[in-house]
Amino acid sequence: MVATLLTEKIPPPLIGKISPPGDKSISHRALFFAALSEGKTEIRGLSSSEDVMSTVNNLRKLGVKVIFYENRVEVFGLGGQIYDLGPKCLDAGNSGTTFRFFMGFLARYPSLVTLIGDKSLSQRSMAPTAQALSQFGIKFTLNNRKYPPVSFTGNQCLEGRKVEVTHFSAQLKSALIFAALQSQGKTEIFGKIETRDHTERMLPLFGGKIEARPSSIIVEGNQKLSGKFIEIPGDVSSAAYWVGAAILIPGSKIVIQSVCLNPKRIGYLEVLKRMGANVEWSIEQDEWEPLGTIRCEYSPLLNGTHIDANEISSLIDELPILSLIGTQAVGGLSVDGAHALRNKETDRIKALEENFKILSVPFFSTEGSFKVAGKVNLRGGVTDSFGDHRIAMTFYIASLLSSNEIKVLNTSCIAVSYPEFFQHYRELVV
Ligand code: S3P
């Protein structure tokens, strides 16, 4: 599939209001907690992304009943009893979250589990998650000691313990929490835990207990969770593309409603503000996740900035679109500590480098750092998503900005996180 080309000299502004689809990270977690719980969970606003559907399909293979209605989803949980259905092969497709979450969720599964993924996922390292979970006495076999397929048999005598994590990530942390919840006794997880905290926030909704300290998390084992009503807030990472486009396209002014404004997810908005962008956000409801509105408009004067390693986790998924915004700012954008981008749906630093080269944007990178030049006129050319949804959406936005023709090859992967992307563009474009 090839993205639509815009050949107008002046790009049409984006005007209006949208509510982004349900947050993908929160949707995965709602399904896993619902599956672990006793009784029925009703979910409203579940993301319809391909990644979240991978989680649904695999939960169904384990006997979890998931029923879709027009505006809600019902999940009938297993009540902490994941039944032995014999050896299972689960396919996580393109979804790293699905893959890693199942590694922890099935920590007690008594038969052989084999987790597989698509070509992109098969090139992503699962070693840190396997290493962390192996501290629960589970032996994982990985392809070349790193990659999917990953196979293991769970440990039926899981015991709570102290777990040290060196390569922290939000997915890994959640996998450990799913395993800890099914263990006997207390688990204490140590490491740099400042990644997104949706799992910690959601567990109490299902009646569970968790203690999050600055450098550790404590989870009691054998907790009894019960099904709940849950409404998923809008995805700030999906909204990010329209915020970026509105800031860059003259005459634009948009409002994004019902969006999750979790402080660990809004590093992008904070960086844009620092760059001088006209962007404001306000929290209207703050129960288990802060929910609110983002307002933004065309911002003719953007300053470049530097993103430091300690900011990365709050904007990890927004680095591609931020780099594009950097190309229009005085002084460009430099980023440190972004090694994790090398292990996403594609090597995102390499993908940015290759696409920016085509658009004649100077770009320099080392293993975990990069710098993109500012105030550059994007030249026309054929860019590629490299099968990565966030790269596809970033360069689609680039195609809206340039008076030269920019093509993006392989945009169908956008459905991995944001199937409504093109429809929302049509709703916003004047
Ligand atoms: C996610 C965590 C982040 C993020 C990913 C979703 C999650 O990855 O990039 O898109 O839902 O927990 P890490 O696990 O590498 O932090």
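The values are calculated or read from the model by the stated rules, or taken from the named source; none is laboratory data. Keep in mind that this is a model prediction, so the values were computed, not measured. All Cβ positions, glycine included, derive from the backbone under ideal geometry; neighbour counts span all protein chains shown.
Within the option set Ile406, Ile349, being over 30 Å from Thr98 (Cβ atoms), at pLDDT 95 or above and touching a helix residue (DSSP H, G or I) at 6+ places or on another chain (Cβ under 7 Å) holds for one residue only, Ile406.
Taking region 365-389 as the range and being under 28 Å from Glu420 (Cβ atoms), in a loop (DSSP other than H, G, I, E, B) and within 23 Å of the chain's Cα centre (by Cα) as the test, the residues that pass are Ser385, Phe386, Gly387, Asp388. Within the set Ile325, Ile283, Ile321, the sole residue that is closer than 13 Å to Ala240 by Cα and either in contact with a Lys or Arg (Cβ under 9 Å, 6 or more places away or on another chain) or assigned to a strand (DSSP E or B) (or both) turns out to be Ile321.
No other residue among Glu280, Glu311, Glu270 is among the acidic types (Asp, Glu), surrounded by fewer than 23 Cβ atoms within 10 Å (Cβ to Cβ) and within 16 Å of the ligand (Cβ to nearest atom) apart from Glu311.
On the basis of being in contact with a Gly (Cβ under 7 Å, 6 or more places away or on another chain) and under 22 Å from Gly117 (Cα atoms), does Glu405 make the cut? Against the criterion (in contact with a Gly (Cβ under 7 Å, 6 or more places away or on another chain) and under 22 Å from Gly117 (Cα atoms)), Glu405 does not qualify.
All of Lys192, Lys186 fail the test of being at pLDDT 95 or above and outside the structural domain of Arg265 (by TED's automatic domain parsing), apart from Lys186. For region 161-177, name all the residues that are near the ligand (Cβ under 9 Å from one of its atoms) and either part of a helix (DSSP H, G or I) or not assigned by TED's automatic domain parsing to the domain that holds Leu106 (or both). Ala170, Gln171, Leu172, Lys173, Ser174 - these are the residues of region 161-177 that are near the ligand (Cβ under 9 Å from one of its atoms) and either part of a helix (DSSP H, G or I) or not assigned by TED's automatic domain parsing to the domain that holds Leu106 (or both). Here region 119-137 is the region considered, the condition is being in contact (Cβ under 8 Å) with a residue 40 or more places away in the chain and out of contact with any helix residue (DSSP H, G or I) (no Cβ under 8 Å at 6 or more places or on another chain), and the residue that is surrounded by the most Cβ atoms within 10 Å (Cβ to Cβ) is Ser120.
Residue-wise test of (1) under 19 Å from Ile247 (Cβ atoms); (2) in contact with a Lys or Arg (Cβ under 6 Å, 6 or more places away or on another chain).
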residue	(1), (2)
Val382	no, yes
Ile391	no, no
Ile414	no, no
Tyr418	yes, no
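Close Cβ contacts (under 7 Å, 6 or more residues apart or on different chains) running from residues in region 161-188 that are without any contact (Cβ under 8 Å) to a residue 40 or more places away in the chain to residues that are of a type in the set (S, T, N, Q) and more than 12 Å from the ligand (Cβ to nearest atom) comprise Arg161/Gln135; Arg161/Thr187; Val163/Gln135; Val163/Thr187; Gln184/Asn222; Glu188/Ser216. Taking each residue of region 286-315 that is assigned to a helix (DSSP H, G or I) and looking for partners that are among the β-branched types (Val, Ile, Thr) with beta-carbon atoms closer than 8 Å, six or more apart or interchain, yields Glu311/Val271; Ile312/Val335; Ser313/Thr195; Ser314/Ile266. Might you let me know whether region 98-105 holds any residue that is assigned to a helix (DSSP H, G or I), within 24 Å of the chain's Cα centre (by Cα), under 20 Å from Ser27 (Cβ atoms) and more than 13 Å from the ligand (Cβ to nearest atom)? Checked against the condition, which is being assigned to a helix (DSSP H, G or I), within 24 Å of the chain's Cα centre (by Cα), under 20 Å from Ser27 (Cβ atoms) and more than 13 Å from the ligand (Cβ to nearest atom), region 98-105 yields at least one hit. Candidates in region 130-160 are the residues that are in a loop (DSSP other than H, G, I, E, B) and among the aliphatic types (A, V, I, L, M); of these, the one that is farthest from the chain's Cα centre (by Cα) is Leu158.
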